[in-house]
Every structure is written in C-alpha cells, then in structure tokens.
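Peer 1: Supplied in structure tokens, the structure appears directly below.
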2 protein chains.
Amino acid sequence: MTKEELSNCYERIRPYIHNTPILTSSLINNLVGAELYFKCENFQRAGAYKIRGATNAIIQLSKSQQEHGVVTHSSGNFAQALSLASRNLNIKATIVMPSNSPKVKKNAVLEYGGEVIECDPTIEARQAAADMVVTNTGATFIHPSNNPDVIVGQGTAGLELLKVHSNLDYMICPVGGGGLIAGTALATTYFSDRCKLIGGEPKEADDAYRSLISGKIETNTTTNTIADGLRTQLGSYNFPIIKKHVKQIIRVSEPEIIEAMQLIWERMKIIIEPSSAVAFAAILRDKQHFKNQKIGVIISGGNVDINNLPF
Amino acid sequence: MTKEELSNCYERIRPYIHNTPILTSSLINNLVGAELYFKCENFQRAGAYKIRGATNAIIQLSKSQQEHGVVTHSSGNFAQALSLASRNLNIKATIVMPSNSPKVKKNAVLEYGGEVIECDPTIEARQAAADMVVTNTGATFIHPSNNPDVIVGQGTAGLELLKVHSNLDYMICPVGGGGLIAGTALATTYFSDRCKLIGGEPKEADDAYRSLISGKIETNTTTNTIADGLRTQLGSYNFPIIKKHVKQIIRVSEPEIIEAMQLIWERMKIIIEPSSAVAFAAILRDKQHFKNQKIGVIISGGNVDINNLPF
C-alpha cells in the first residue's frame with residue numbers, strides 16, 4: 001500500500017465523508033502537560049471513522065461486483081458504515097448480525113438502508129451466514145478491518161490530521177481489529193518524518209500488545225471490556241503493517257477507560273464511545289512519556305447508548 | 001447600545017474567549033426540513049456563552065473599580081464565567097451561591113479561582129449577601145443578565161455566527177434572564193437586514209412570553225423546569241431591547257426539551273445542557289414555520305451533570 005494509493009483513496013472517498021473537526025482543550029492540555037489534537041471521527045457520518053474504509057472498498061469493486069452488492073458481519077460501527085456507504089453509492093448491502101445484537105444497532109443499519117440477516121452469536125455462525133449470502137447472491141464479502149482497501153480508507157483520518165498539523169510528535173489511536181491503526185501507520189509513515197504511532201488497547205482484549213511481543217498474531221484470551229469496538233482480532237493484512245510501523249502499544253484498565261471517557265465528556269463536551277477513550281486513557285497512563293509533545297489523538301467514534309452509561 | 005459598541009466589545013473580549021465552532025448535521029437538517037447552523041457555546045471557556053458578558057463587564061470597569069474586585073450571585077454558569085474572566089484579568093471575584101447549590105458547581109467556581117460565599121436559597125438572601133460584599137470590600141456588583149456591558153458581551157456569539165453566515169433567515173436562542181437574547185438582538189439588528197430573532201422558553205418559566213404580550217415585565221409563576229439556566233427573570237435593561245427586536249417567543253414543554261436534548265446528543269455527538277435544548281425544541285415544535293429556512297441556533301452551554309441525566 002503506497003503513498004500514492006493513500007492519496008488516491010482520499011480523493012476518491014472525499015465526496016462521501018466529512019473532513020471532521022480537530023478540537024483542542026486547554027484544560028486537557030494542562031492536565032496532561034502536552035498539546036493534544038483530537039481528530040473527531042465521532043462527528044463522522046454514521047458516527048465513526050468506519051465509513052472511510054467502507055466507502056473505499058465499495059468504490060474499488062468492479063461494476064459487475066457492485067451490481068451484486070456487498071456483505072459483512074458486524075454488530076458494531078462497520079455495520080452502519082457499510083450500510084450508509086452502500087446507500088450513498090447506490091448498491092445493496094447485507095449485514096449479518098448476531099441475534100443478541102442490541103435492537104438500536106439493528107435499527108440503525110435498517111435506517112441506513114442495509115438488509116439485516118440474523119445468526120447465532122458465534123464467530124463461526126457469522127462467517128457461515130456471510131458465506132451463504134455470497135453463494136446465493138454473488139455479493140462481495142467486505143471484512144470490517146482485514147481488507148487492504150478498508151485499511152487504506154481508514155488511514156485517511158490520520159492523513160487529514162497531518163495535513164493540518166504536520167509537526168506532530170505522536171499519533172495515537174485505539175487498536176481493535178487493526179484496520180484503523182494499520183491505516184494510520186500508512187499516514188504517519190508517508191506524510192510525516194517524525195510522527196511516531198502508538199496504539200491504545202484494553203488490557204482485557206490485548207491481542208495486539210501480545211502479538212507485537214511474540215511477532216505473530218495472538219488471540220484475545222478475554223474480551224471482557226467496555227470498549228466494545230475493540231474486542232475483535234488482528235488480521236493477516238493489517239498485522240504486518242502494525243508490526244513494521246507501530247512503536248508501542250499501551251494497555252489500559254477498565255477504570256482507566258471509564259475515567260478517560262468521563263474526562264472528555266465533561267471537559268470537551270463531546271460524546272465519545274468507550275473504544276475512543278482508550279487512546280486518551282493510554283496518554284493519561286503514561287503522561288511523563290508525552291510531556292511537552294504534540295500528540296494527535298484519533299477519536300474513533302461516538303456511538304454509545306446514552307441510556308446506559310458507565311458513570 | 002450601538003453597532004459600534006458591539007463591534008468594540010468584540011475586539012475587546014476576543015483575546016479572552018473562544019470563537020466557537022459552528023456545526024451542522026445533515027440528519028438534523030433532513031428531520032427539520034431546514035438548514036440549521038449550531039453556534040456551539042458549549043465549547044466556550046467555562047462551558048457557556050456567559051464568559052463573553054462577564055469579560056466585557058470587567059474590562060469596562062475603571063482601574064480603581066477593578067482593584068476592588070467584582071461580586072455576583074449565581075448558582076449557574078455566570079458564577080463560573082465571572083470567576084474565570086476575573087482570573088484571566090487578574091482581579092478578585094466573589095460569588096454568592098445558595099447553600100443548596102450542587103457541590104460540583106461550587107467546586108467549579110473554586111477551581112477557576114473565585115471565592116464562594118454561601119447564603120440561604122432565596123432571592124432576598126442572595127441580594128443581601130452580595131450587597132454586604134459590596135459594602136465591606138468596595139467590589140462592583142455584576143448582574144448575570146441585567147447589565148448593559150453583560151448584554152453587549154453576550155451579543156458577540158450571534159455576531160460571530162453572522163460573520164460566517166450572513167444570510168440567515170432566523171436566529172434562535174433560549175430565554176432566561178434575558179441577557180443572551182437581548183445581546184443577540186443587537187447582533188441581528190446591526191449585522192443583518194433580514195435575520196429575524198426568535199426566543200425559545202420553557203412553558204414552566206414563561207415570563208418572557210407573557211411579558212411580550214402584556215408589554216411589561218411579568219414574573220415567573222413557576223420555575224419547575226429542567227432547563228435550570230432559564231428559571232431567572234427578565235430585567236429593566238434587557239426587556240426594552242427584547243420588546244423592540246424579538247419577533248416571537250415559542251414555548252416548549254418539559255418532554256419536548258428532553259427529546260430535543262437527546263436528539264442533539266445522539267445525532268450530533270455533542271453534550272448540551274437542557275437550557276440549550278430549548279431553542280432547538282422550539283424549532284421542532286414549529287417545523288412548518290421554519291421549512292427551507294436558514295436558521296442560526298445558539299447552543300448556550302454544556303454544563304450538565306452526566307451522572308444525573310433525564311434519559
């Protein structure tokens with residue numbers, strides 16, 4: 001995935017995405033002792049950065065592939081993103097969702113024009129249901145994080161941030177399935193000569209932390225984290241990029257995630273989901289490391305049930 | 001209060017305030033059938049527009065007045081605003097707060113460097129305590145809403161909005177003590193030849209609505225509203241301006257306020273306080289009236305206890 005591919009992808013998807021605001025807070029800067037630039041993908045269409053990769057993956061399909069539609073399995077932000085991206089591009093999207101997904105998430109997919117197919121809540125049942133859609137309709141399967149076009153698309157958030165703040169010392173983002181951090185690695189590698197990339201990850205779903213140590217993809221031993229977007233696994237396309245370019249992964253506890261989330265809500269007056277708070281929590285955990293540095297923080301999304309908050 | 005006074009005030013306070021972002025949401029525009037431009041004073045310093053008027057009122061004092069400090073009575077956003085504005089300008093602020101004010105509000109004042117004096121929770125006790133500070137220290141009393149310098153200062157939020165969007169058909173803001181809407185009236189009158197100003201007010205604290213009908217200041221018969229910033233009364237400086245320039249006041253019920261607040265939280269991913277939701281609730285209540293219009297909406301603040309939400 002070259003610099004040119006990232007630039008071309010950005011031009012390709014621009015009409016379909018928001019160039020989201022970059023917010024700062026002097027209160028938070030004082031608290032951390034550094035300059036933080038929050039790239040607010042919680043204000044992105046469908047409430048998360050995922051629409052970037054979804055849009056790119058769809059546009060890259062051939063005309064005949066597009067005519068047969070796309071399918072994915074997701075109970076989270078990629079489900080909504082692929083539905084909205086498909087509607088924007090006039091193609092059909094089918095989303096396989098576990099039968100225990102919250103009703104509000106199914107409704108969001110339906111609202112964006114996606115078709116929902118329910119399955120048993122296991123990885124195997126999800127993949128089997130998606131495979132069935134591919135077989136029956138000729139739709140193309142788009143993986144939420146382990147797909148090269150998705151990875152490049154997700155990298156455009158970091159690219160937008162570096163276009164405005166070219167002198168960042170660090171960029172930090174949450175690590176779940178690995179699509180965002182791998183894409184962001186392309187942005188920092190190709191568009192900065194100094195910006196070091198760090199991942200934030202819940203201790204309760206630390207596959208990336210352990211994978212970087214062992215040098216091969218490790219699986220999560222628990223996924224008992226409030227950061228519901230980060231319970232997923234690294235994949236074969238994104239792990240080699242992460243291994244090559246990510247400097248460090250900082251793990252954070254559940255109370256640290258909740259505290260970071262509450263701080264951003266109260267001080268910045270923006271709604272972020274727990275997964276987004278993981279990146280900021282990593283900075284708070286290791287303040288000394290970041291002292292006086294310029295840090296880009298990717299706020300990945302804002303899709304949270306406001307009737308069911310952890311504080 | 002002339003056009004020049006408003007312009008001069010803006011130049012005077014600019015170093016001490018944020019030029020807050022103006023956000024839009026295609027989801028909300030589709031819902032309303034109009035173009036809404038949200039001026040996000042929830043992102044303002046100390047979390048509300050109040051710092052604008054507080055800063056202006058302090059700068060307008062003489063050197064000798066400034067040396068004796070300022071005092072106000074407020075349990076809300078003006079208490080924090082006057083404390084922070086005073087700290088920015090190196091003068092002393094004393095805030096009279098009712099003894100039943102939430103601890104979090106007292107702490108916020110202390111955090112910004114204000115001194116807190118507690119009193120019984122009645123209007124009379126508040127004023128008596130403030131008078132005592134004036135007598136004992138020579139401090140200048142700054143009223144939260146019925147002070148000409150405060151009114152002009154609050155008008156700079158609408159001014160900033162009109163500088164970016166000069167072709168608004170409507171501006172709408174919440175009505176409490178009358179400082180914001182009177183200031184905004186100066187902005188729409190002097191800086192637009194077409195923008196009509198409308199107020200949103202809770203039915204449960206509708207003094208402004210009734211005052212516009214009777215032509216004289218009416219008092220609230222109840223203040224039983226979740227919009228805690230709007231329980232206050234119009235005053236002698238702001239009412240004549242409101243009477244002259246405000247086209248209409250739309251009253252909204254408590255469920256309408258909560259619904260509007262939840263919509264903005266969920267769709268725009270920003271944290272606004274109930275008082276701010278009143279302006280948007282007024283638009284939702286009278287959608288037909290606003291069809292296809294360009295509307296500026298002043299989001300007055302974001303200071304809300306996230307541990308105690310109405311949804």
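Peer 1: Apply the Karplus parameterisation 6.51 cos²θ - 1.76 cosθ + 1.60, with θ equal to phi minus 60°, to every residue of region B:162-179 and state each ³J(HN,Hα) to the nearest whole Hz, in sequence, with x for glycine and proline.
Peer 2: Running phi through 6.51 cos²θ - 1.76 cosθ + 1.60 with θ = phi - 60° gives 6, 5, 8, 10, 6, 9, 5, 7, 9, 10, 9, 8, x, 10, x, x, x, x Hz.
Peer 1: Let me ask another. Taking 40 Å² as the minimum loss, tell me which residues in region A:252-276 lose that much accessible area going from the chain by itself to the full protein complex (1.4 Å probe).
Peer 2: Going by heavy-atom accessible area, the residues of region A:252-276 that drop by at least 40 Å² are A:265, A:269, A:271.
Peer 1: At what distance in nm do the modelled label points of residue B:267 and residue B:131 sit from each other, each positioned 7 Å from its Cα along Cα→Cβ?
Peer 2: Those two pseudo-labels are separated by 4.8 nm.
Peer 1: Ignoring ligands, DNA and RNA and using a 1.4 Å probe, state the total buried accessible area between A and B in Å², rounded to the nearest 100.
Peer 2: By this definition, chains A and B bury close to 1800 Å².
Peer 1: At 7 angstrom along the Cα-to-beta-carbon line, where would the label on residue A:11 sit relative to the other copies? Give the distances in nm, shortest first.
Peer 2: Computed spacing set for this position: 4.5 nm.
Peer 1: Enter the accessible area per residue of the protein assembly as shown (Å², integer; probe 1.4 Å; all protein chains in place).
Peer 2: In whole numbers, the protein assembly as shown has 39 Å² accessible per residue.
Peer 1: Near the amide H of residue B:197, under 5 Å away, which other amide H atoms are found, from residues 5 or more places off or on another chain, if H is placed in the peptide plane?
Peer 2: Amide H to amide H, under 5 Å and 5 or more residues apart or across chains, residue B:197 pairs with B:171, B:247.
Peer 1: Using θ = phi - 60° and the Karplus form 6.51 cos²θ - 1.76 cosθ + 1.60, what ³J(HN,Hα) does each residue of region A:263-275 get, whole Hz, x for Gly and Pro?
Peer 2: After applying 6.51 cos²θ - 1.76 cosθ + 1.60, I find 4, 5, 4, 6, 8, 9, 6, 10, 9, 10, 8, x, 4 Hz.
Peer 1: Could you compute the FRET efficiency for residue B:99 and residue A:123, with r as their C-beta to C-beta distance and R0 at 35 Å, rounded to 0.05?
Peer 2: 0.05
Peer 1: How big is the C-alpha Rg of region A:203-268 next to the rule-of-thumb value 2.2 N^0.38 Å, as a ratio?
Peer 2: Rounded to two decimals, the normalised Rg is 1.24.
Peer 1: In the structure shown, do any of A:203/A:294; B:39/B:269; B:216/B:294; B:196/B:287 have a Cα-Cα gap over 21 Å, and if so which?
Peer 2: Exceeds cut-off: A:203/A:294; B:216/B:294.
Peer 1: Are there any trypsin sites (Lys or Arg not before Pro) in region B:122-200 that are in a DSSP loop and have at most 16 other Cβ atoms within 10 Å? List them by number.
Peer 2: Passing sites in region B:122-200 are B:194.
Peer 1: Across the residues of A:14-27, average count of Cβ atoms on other protein chains within 10 Å?
Peer 2: 1
Peer 1: Take the solvent-accessible surface of the protein heavy atoms, probe 1.4 Å, and return the percent of it on the protein assembly as shown that carbon and sulfur atoms account for.
Peer 2: The value for the protein assembly as shown is 47 percent carbon and sulfur by accessible area.
Peer 1: Quick one: Karplus J couplings for region A:306-311, per residue in order, coefficients 6.51, -1.76, 1.60, θ = phi - 60°, nearest Hz, x for Gly and Pro?
Peer 2: 6, 8, 8, 9, x, 9
Peer 1: What is the distance in Å between the Cα centroid of region B:209-255 and that of region B:102-174?
Peer 2: Measuring centre to centre over Cα atoms gives 17 Å.
Peer 1: Follow-up. With a cap of 13 neighbouring Cβ atoms within 10 Å, and only residues DSSP puts in a loop, list the trypsin sites (Lys or Arg not before Pro) found in region A:200-307.
Peer 2: Those satisfying the criteria are A:216, A:291.
Peer 1: Additional query: So if I place +1 on the C-beta of Lys and Arg and -1 on the C-beta of Asp and Glu, and nothing else carries charge, what would the dipole magnitude of the protein assembly as shown be about its Cα centre? I want it in debye, nearest 20.
Peer 2: It comes to approximately 1180 debye.
Peer 1: Determine the residues within region B:287-311 where the difference in accessible area between the chain on its own and the full set of protein chains amounts to at least 10 Å²; count protein heavy atoms only and use a 1.4 Å probe.
Peer 2: So the qualifying set is B:302, B:303, B:306, B:307, B:309, B:311.
Peer 1: Now for a separate question. If a/c stays under 1.5 just call it rounded; otherwise compare a/b with b/c (prolate if a/b is bigger, oblate if not). Do that for chain B, with a ≥ b ≥ c from the square roots of the Cα gyration tensor eigenvalues.
Peer 2: It is prolate, given that a/c is not under 1.5 and a/b is the larger ratio.
Peer 1: Under 1.5 on a/c is rounded, so check that first for region A:1-110, then, if it is not, pick prolate when a/b is larger than b/c and oblate when it is not; a ≥ b ≥ c are the square roots of the alpha carbon gyration tensor eigenvalues.
Peer 2: Oblate shape, in that a/c is at least 1.5 and b/c is the bigger or equal ratio.
Peer 1: For residue A:269, enumerate residues with amide H under 5 Å from its amide H, sequence gap 5+ or separate chain, H modeled in the peptide plane.
Peer 2: none
Peer 1: Right, next: So if I place +1 on the C-beta of Lys and Arg and -1 on the C-beta of Asp and Glu, and nothing else carries charge, what would the dipole magnitude of region B:51-141 be about its Cα centre? I want it in debye, nearest 20.
Peer 2: So the dipole magnitude of region B:51-141 works out to roughly 300 debye.
Peer 1: Show the residues, 5+ positions off or on another chain, whose built amide H is closer than 5 Å to the amide H of residue A:115.
Peer 2: A:93, A:94, A:95
The values are calculated or read from the model by the stated rules, or taken from the named source; none is laboratory data. On a predicted model such as this, the values are computed, not experimentally measured, just so you know. Positions of Cβ are generated from backbone atoms using ideal geometry, with glycine treated the same way; all protein chains shown enter the neighbour counts. What goes into the accessible areas is simple: the full protein's heavy atoms, side chains included, and nothing from ligands, DNA or RNA. Shrake-Rupley method; radii C 1.70, N 1.55, O 1.52, S 1.80 Å.
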